[in-house]
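Below is one structure, written out as structure tokens; the observations come after it.
Bear in mind these aren't lab numbers, they're just calculated from the coordinates by the rules spelled out. A quick note: this is a predicted structure, and the numbers were derived from the prediction, not measured. Here the Cβ positions follow ideal geometry from the backbone for every residue, glycine too, while neighbour counts run over all protein chains shown.
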């Protein structure tokens, strides 16, 4: 079973910045925690990240949490990535989490960033946990992450990852 949550935010910036910030900036600047969810612990093994089929290991609580893999990338328009192979029991209730970032160009040098996360639930018994986690905690983290992306894109972001063809 799949459960999804979508949020969006208007950003006064270029398509290129809105596209690059979520994937090319330091994860610690975007996922800064929400309620009992701690800020990101960063990443390791990220040499290919931000490029087509790139991947990295996400750190949480000081140790590897999962692998994050880019599934699809359409320049200045769309990113799709997936969190898989969870190593900590924190996410015992899901098989994978798919993230999607859509950039829609508006008038006057602004864009809408649309963020969707889809949780693939492990089984029927964990469905209520997934539902509550998604709606009570992850949704807040997702909104805060979008707000952080907006701040970065409207400023002068420092890109941690270069994008190569």
Hey, what angle do you get for helix 139-154 against the long axis of the chain, alpha-carbon based, 0 to 90 degrees rounded to 10? 20
For residue 47 and residue 77, what is the calculated FRET efficiency with R₀ set at 22 Å and r taken between the beta-carbons, to the nearest 0.05? 0.35
Highest-MSF residue in the chain out of 71, 113, 129 [GNM, Cα springs under 10 Å]: 129
Give me the extension gain from residue 5 to residue 87: residue separation times 0.36 nm, minus the current Cα-Cα distance, reported in nm with one decimal. 27.2 nm
GNM on the chain, C-alpha springs below 10 Å: top fluctuator among 64, 128, 22? 128
Can you classify region 1-46 as rounded, prolate or oblate using the Cα gyration tensor, where a ≥ b ≥ c are the square roots of its eigenvalues, rounded means a/c under 1.5, and otherwise it's prolate if a/b beats b/c and oblate if not? oblate
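Give me 29, 106 ranked fewest to most by other Cβ atoms within 10 Å of their Cβ, as a rough exposure proxy.
106, 29
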Using 0.36 nm per residue, how much length does the chain from residue 123 to residue 16 gain when fully extended, once their Cα-Cα distance is taken away? 34.6 nm
Please compute the contact order of the chain in relative form: average sequence separation of alpha-carbon pairs under 8 Å and at least six residues apart, divided by the residue count, as a percent. 34
Take the chain, connect every pair of alpha-carbon atoms lying under 10 Å apart with a spring to form a Gaussian network, then pick out the residue of 153, 50, 60 with the largest mean-square fluctuation. 60
Residues 73, 95, 56 in order from fewest to most other beta-carbon atoms within 10 Å are 95, 73, 56
Going by how many other beta carbons lie within 10 Å of each one, how would you line up 124, 152, 10, fewest first? 124, 10, 152
